[in-house]
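Scroll down for the structure; my scribbles are underneath it.
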Amino acid sequence: MKPAKPPGLLLLTIGALTLIDFLQNGMVAFAAAPIMGEIGASPEEYSTVAAAYASVAVVMIALQRWMVERMGWRRYVQAALGAAAIGAILCAAATSYPAFLAGRMVTALGCAGMVTSSRLAVNLIPPSPARFLGIKALATGVCAGMALSPWLASAIVTADRWPLIFWLVAAAALALLPATSVLPEGTAPPAQRSRAHPVRLAALAAGSFLVLFVLQRSYYDFYADRLWLVTGAATGATALLAFIWTESKSATPLLRLRNLVEPRYLSGLALFTFCYVTLGSNGYLLPIVLQRSLGHSWATTGQFYALGLAAGVVTWLTMTRLLPRWPSPRKYFVAGFLALAASSWLISRIPPAPDLWGHVLPALALYGIFIMTLIPVTAMQTFNGVAHDESVFSHAQQTKNMLGQMGLALGVTIATVGQQWLTTLHYSTLHTAINAGSPQFQETHARYTAALSASMEPIRAAELATAQIAQVLAQQSALLASLDHFRALAAVAVIAIAVSLIQKVIR
């Protein structure tokens, strides 16, 4: 007998939840610089916004099961959508840094658990091949959100309508509310409910904020205040370890961490962490390479970034046909890491004046292939060993998504600190080679001066020519630093291919 097809509203809810979360996070990350200018926030203040959002998200993900047991799935998801809409409206109306910070923290209250809710809603479909339709809806929301966010953000910023980013999120969240009627209402019996200890929860909140804040601020303070940053990171890490240790020893834990010590799950968690770190670092660097280093506009950068990530949509549509027939994961791991290695290698060899269609788009497309090959396959393979118990499965999903927030922040930190260090090294080398006495400098300076002399006095033209050379040196140094990052990532991807071939845990 052919299994019944899942309700269309359920599939819509599963896909829309991931779409909203990835769309809003992607747009806010891509449009960070224009938003900073509109609300009068410094980069340091904006990093605090990111840390506050992520730390609130970590705590809310940890509390998700606790709230569902008391509210029921339907009311929980409706409350999350309402909070996301209110937070987005607050951000759209914000004219100052404090108002925007408050709006993002309210948004985190709602959006934090959307990915976890989407995955757990898949389990509302009875075990059968039909459940794969839920997985398809979830992953489609992920890849659509990632592909659409840079294009929408660039178009909105180019039109000078930045609040529209948040109005779109609010409208999507409110539009989804009627579809949530398909979710169950029941709550868990009091005897079966998890417990949230306030002290342990405070340790999680404080520890996650400290670690995330230090990671975000490391770009600005890594060399000037290294001791302060290390102290803050150590304090935050200690608080997080205290939370993990006390939770694992508790008879009534918020998260059943002891049940998650399973080789397949831990291996998948490590793979997820690598994917999130890569998403964080590349999500920060790729727009910088396209816009600042290569000098393209916001509109062009967003369009080509979206076109590249759209390859992930095509990849996922192909994967939906391949996975049911050939589910063994090893070949997909190898293919995904091979796409990452090829993408990183192509970017590392970009010429100073590349053709966007011939040099940049293929690399971005391969990056999209990596994302939508690795993440769905890892998601389908990681939780097999913890799927026997519904509450353990929920806690495994929550833990993975909490770690995802940390991984994204770590990826941004690796990219920013590495960029700062390598840019300084390259600038020093270039400045030594092109100094005031070198033939290259004199020839370039004379050419710039001659071009500028037609519209200004010779002395002023000579000064401006020197400033332009310094600007070019800084731009080229930043580009070379980014290319070094992608060379290193290509090497890591090659190592990952070798590990994928020999590992025996996920097969």
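Here are some notes:
- For region 294-318, taking the residues that are over 22 Å from ALA341 (Cβ atoms) and of a type outside the set (A, V, I, L, M, F, W, C), the one that is surrounded by the most Cβ atoms within 10 Å (Cβ to Cβ) is identified as GLY302.
- Out of ILE86, ILE135, ILE156, ILE125, sole residue that is assigned by TED's automatic domain parsing to the domain that holds VAL49 and over 30 Å from SER391 (Cβ atoms): ILE156
- Taken across region 66-82, residues that are at pLDDT 90 or above, out of contact with any Asp or Glu (no Cβ under 8 Å at 6 or more places or on another chain), over 27 Å from TRP162 (Cα atoms) and small (Gly, Ala, Ser) do not occur at all.
- Look at (1) buried (at least 19 other Cβ atoms within 10 Å of the Cβ); (2) assigned to a helix (DSSP H, G or I) and you find that SER194 fails only one, number (2).
- Single residue of ALA242, ALA237, ALA270 found to be under 18 Å from the mean Cα position of the chain (by Cα), surrounded by fewer than 23 Cβ atoms within 10 Å (Cβ to Cβ) and free of Cβ contacts under 8 Å to residues at least 60 places away in the same chain: ALA270
- Residue pairs meeting the criteria (Cβ under 8 Å; at least 6 apart or on separate chains; first without any contact (Cβ under 8 Å) to a residue 12 or more places away in the chain and within 25 Å of TRP228 (Cα to Cα), in region 196-218; second of a type in the set (Val, Ile, Thr) and in a helix (DSSP H, G or I)): none
- Test for THR140: is it surrounded by 19 or more Cβ atoms within 10 Å (Cβ to Cβ), touching a helix residue (DSSP H, G or I) at 6+ places or on another chain (Cβ under 8 Å), over 20 Å from LEU109 (Cα atoms) and of a type in the set (Ser, Thr, Tyr): yes
- TRP228 within 18 Å of VAL58 (Cα to Cα) and surrounded by fewer than 19 Cβ atoms within 10 Å (Cβ to Cβ): no
- Hits in region 261-318 (condition: under 17 Å from ALA365 (Cβ atoms) and small (Gly, Ala, Ser)): GLY283, GLY302, ALA306, GLY308, ALA310, ALA311, GLY312
- Here LEU290 meets the list (1) surrounded by fewer than 16 Cβ atoms within 10 Å (Cβ to Cβ); (2) closer than 30 Å to ILE350 by Cβ; (3) touching a Ser or Thr at 6+ places or on another chain (Cβ under 9 Å); (4) not small (Gly, Ala, Ser) almost entirely, failing just condition (1).
- Pairs where the first residue, in region 32-61, is on the phi > 0 side of the Ramachandran plot and the second is of a type outside the set (Phe, Trp, Tyr), C-beta under 9 Å, 6+ apart: GLY40/THR95; GLY40/SER96
The values are calculated or read from the model by the stated rules, or taken from the named source; none is laboratory data. Just so we're clear, the structure is a prediction, and the values are computed from it rather than from any experiment. Glycine also receives a Cβ, built like all others from the backbone with ideal geometry; neighbour counts cover every protein chain displayed.
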